[in-house]
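Values quoted throughout were computed directly from the atomic coordinates according to the rules given, and no laboratory measurement underlies them. Quick caveat: nothing in here was measured; it's all calculated off a predicted structure. A quick note on method: Cβ atoms are made from the backbone with ideal geometry, for glycine too, and the neighbour counts reach across all protein chains shown.
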Amino acid sequence: MSQKLGKASMKPEQPVYILSSASVVGPKEGQGPLGLLFDVVGEDDMFGCETWEDAESSLQKRAVSLALEKAGMQPEDVSFIFAGDLLGQSIASSFGLSSYEIPLLGVYGACSTCGESLTLGVMSIAGGFADKVVCVTSSHFASAEKEFRFPLEYGNQRPLSACWTVTGSGAFVLGDKAACSALPVPGDPQPSAHGAPTGNPRAATGRPRAKITGMTVGKIMDYGLKDSMNMGACMAPAAASTLEQHFIDFASQPDDYDKIITGDLGKIGQKVLIDLLREKGYDISEQHMDCGIEIFDGESQDTHAGGSGCGCSAVTLSAYILKQLEAENWKKVIFMPTGALLSKTSFNEGKSVPGIAHAVVIERC
C-alpha cells in the first residue's frame, strides 16, 4: 500500500503517535485564556538570560527536556530532532539544543514550522528511518520584532491588522506503536532528560496523547500582498490552497473533522480564509479555529488581530488541542500552521509576502 495520497498528501500505513509534548511560554501568554494549561509560564520574558535570543534558546531547551521527561526518555533514545525558529540561521534552535547531542535536521517554514516538523517526523518514522523523534519550534516577541521589524526601543505603533508574536516553545516526542509500550505509567518515577529521576508522575499516563494519520504538504502562494503588518491576509491564500488540496486528496469534507485549526491567521486572516474556501465550494465556518485567536484575549491584552509566531500553534497544540482530544471532546482535527515567508531584506526591497501552510490530521487514541 502506497503511503502517498493524491497530489500532495500522505497517509501512513500505521499511525505515528504523539507520545508526549510540552509547552513553555512567557508571562503574557500565561495571562491569556489558555494560561492555566501551559506546562511552564516564565516569570519574565528574559528567562534568566542576558539577550532575547538566548531567552528563546532557553525556551526550546526547557520544552525538549520536559517532553522527554514526560515520555520517560533520554536524549540518546531519540533518532532525530526536527527543529526551527524565526531567527536568522535558526540560532534559537542551534544554540538551545546543542547540549542534547541529538542528530538535528533544521527546519524553516516561518510560522508553519510546527506543521512542517511534525510532517517530516512522521515521514521518517513511517518510512522506517527512525522509531522516535522530537519536533520542536519556538518564537519570542522581542527577538522576532528585532529580526523582522523595529527595535523595541523605537516604540512604533502597531496597526489593528498586526498580530502579536507569541513567546513560547512547543516540543513533541513522536514514536511508532512499539514506542508506546515504553511510556511511563502513573506513579512511576520519570527520569529527566539529563538522567536524574524526578519522581514527578504528573504526565505519566501509559498511553500516547494522540495519533497522526495524515498530512498534506502546502505550496507557496503569493497574491502580491506587501503589508507585513497584515500577515494574516498574506497567509490565508496558502491556508485555503492546502485545505482545498487536502479535501481533494482525502476525498473529505469540512464536517468530517471536529475542528479545522490554523496557526496564526488572526481575526483578519480567518475571514479571508473562510471567504476564499467558500468560493471553492467549502464552508469551514463551523469547524474553523485559529490558535492566534485562542491564545490571547484581544481586548484586554491589546494584541490586535491575535497571536502569531512559530510558538503560537506549537504551544496551543500541546496545551489545548491535545487535551481536547484526550478528553474525547474532539475525535479528529486538522492542525494547519501557516507561515509568512518574508525577511527584513525582502521587505526592504519591496517584495511581496508569500505564504505557506502544512496540514496534519490528528486523531484521539
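Couple of notes before you dig in:
- Sequence-separation-based contact order of segment 210-363, relative, with Cα cut under 8 Å and 6+ spacing, percent: 39
- Under 12 Å, Cβ to Cβ, from Pro354 - net charge with Lys/Arg +1 and Asp/Glu -1: +2
- A Förster distance of 30 Å, applied to the separation of the beta-carbon atoms of Ser79 and Lys344, puts the FRET efficiency at 0.30.
- Theoretical FRET efficiency, 1/(1+(r/R0)^6), r = Cβ-Cβ of Asp302 and Met229, R0 22 Å, to 0.05: 0.90
- Ordering Phe335, Phe250 from the fewest to the most neighbouring beta carbons within 10 Å gives Phe250, Phe335.
- Scaled to the globular estimate 2.2 N^0.38 Å, the Cα spread of segment 210-363, given as radius of gyration, is 1.00.
- As a proxy for reagent exposure, Arg278, Arg62, Arg209 were ordered by neighbouring Cβ count within 10 angstrom, fewest first; the result is Arg278, Arg62, Arg209.
- Rounded to the nearest 500, the helix-only mean residue ellipticity at 222 nm of the chain stands at -9000 deg cm²/dmol, with each DSSP H run of n ≥ 4 adding -39,500 (n - 2.57).
- Count of lysine pairs in segment 210-363 with Cα separation under 18 Å (8 or more residues apart, or interchain): 15
- Most mobile listed residue (Asp290, Asp222, Asp255) in the chain, GNM with C-alpha springs under 10 Å: Asp255
- Those aspartates and glutamates that a straight Cα-Cα span of less than 18 Å connects to Lys7, excepting residues fewer than 8 apart in one chain: Glu116, Glu244, Asp249
- Contour minus Cα-Cα distance for Ser98 and Glu279 (0.36 nm per residue): 60.5 nm
- Most fluctuating residue given options Val41, Val315, Val133, as computed from a GNM of the chain linking Cα atoms under 10 Å: Val41
- Under a Gaussian network description of the chain, with springs only between Cα atoms under 10 Å, the residue in Glu53, Glu279, Glu145 that fluctuates furthest is Glu279.
- Relative exposure of Leu225, Leu68, judged by other C-beta atoms within 10 Å (fewest first): Leu225, Leu68
- Lysine pair number, Cα distance threshold 29 Å (strictly under), segment 17-180, separation 8 or more or different chains: 10
- Whether the chain is rounded, prolate or oblate, judged on the alpha carbon gyration tensor where a/c under 1.5 counts as rounded: oblate
- Check: the chain dipole with +1 on Lys, Arg Cβ and -1 on Asp, Glu Cβ, in debye: 760
- Alpha-carbon centroid distance for the pair segment 305-360 / segment 237-297, whole angstrom: 12
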